[in-house]
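*Asks:* The following block contains the structure, expressed as structure tokens.
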Amino acid sequence: MFQEVTPSEEHALVKHLQEELRNYEAEVREARKLKSSHENIELLKEKFLEERGRRERAESELSKLQEMQLSIRKLEDELSSLKLLIADIPGVTCSEDIPFKFAALQRYAYSFMSAA
């Protein structure tokens with residue numbers, strides 16, 4: 001049943017098996033590199049998604065900031081206009097003086113109408 005193997009055939013078989021083993025080891029190394037590369041790609045994808053989320057939030061906040069700056073400019077313009085109006089009213093130095101000035105004008109108008 002068993003065939004006698006000569007030492008040269010045995011040596012050739014060992015060499016052949018060693019070569020196959022080296023090939024398998026090379027395939028395993030390549031597979032490990034591919035696995036590592038795949039894991040790195042997955043990690044990079046995850047980091048990319050996180051960064052994209054941060055960028056979107058930053059863009060949203062920037063948009064809100066720009067809207068607020070526009071509102072602030074409008075309010076500053078309105079305040080400047082009110083200050084100019086107050087400066088044009090005799091006897092009024094601040095916005096709190098306006099109700100008193102109106103009351104005085106109403107009394108004056110009432111007394112003027114009553115006298116006429």
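*Asks:* Which one is nearest to the chain's Cα centre (by Cα), of the residues in segment 2-32 that are among the charged types (D, E, K, R) and modelled with pLDDT under 95? First the steps, then the outcome.
*Replies:* Residues of segment 2-32 among the charged types (D, E, K, R): 4, 9-10, 15, 19-20, 22, 25, 27, 29-30, 32.
Right, trim to modelled with pLDDT under 95 and you get 4, 9-10.
Numbers: Glu4: 76, Glu9: 70, Glu10: 68 Å.
Ranking the qualifying residues of segment 2-32, first place goes to Glu10.
*Asks:* Read through the list (1) part of a helix (DSSP H, G or I); (2) loosely packed, with under 10 Cβ neighbours inside 10 Å, then give the number of the only condition that Ala31 fails.
*Replies:* (2)
*Asks:* Determine whether Ser114 is part of a helix (DSSP H, G or I) and modelled with pLDDT of 90 or more.
*Replies:* Criteria not met by Ser114.
*Asks:* Could you grab me the full set of residues in segment 75-86 that are surrounded by 10 or more Cβ atoms within 10 Å (Cβ to Cβ) and of a type outside the set (Val, Ile, Thr)?
*Replies:* Leu75, Glu76, Asp77, Glu78, Leu79, Ser80, Ser81, Leu82, Lys83, Leu85, listed by residue number.
*Asks:* List every residue pair whose Cβ atoms lie under 7 Å apart, where the two residues are 6 or more positions apart in sequence or sit on different chains, the first residue falls within segment 1-25 and is surrounded by 10 or more Cβ atoms within 10 Å (Cβ to Cβ), and the second residue, located anywhere, is modelled with pLDDT under 95 and not in a loop (DSSP other than H, G, I, E, B).
*Replies:* Sorted first by the residue in segment 1-25, then by its partner, the list stays empty.
The values are calculated or read from the model by the stated rules, or taken from the named source; none is laboratory data. The structure displayed is predicted, hence computed values, not measured ones. Don't worry about glycine lacking a Cβ; one is built from the backbone with ideal geometry, like all the others, and counts go over all protein chains shown.
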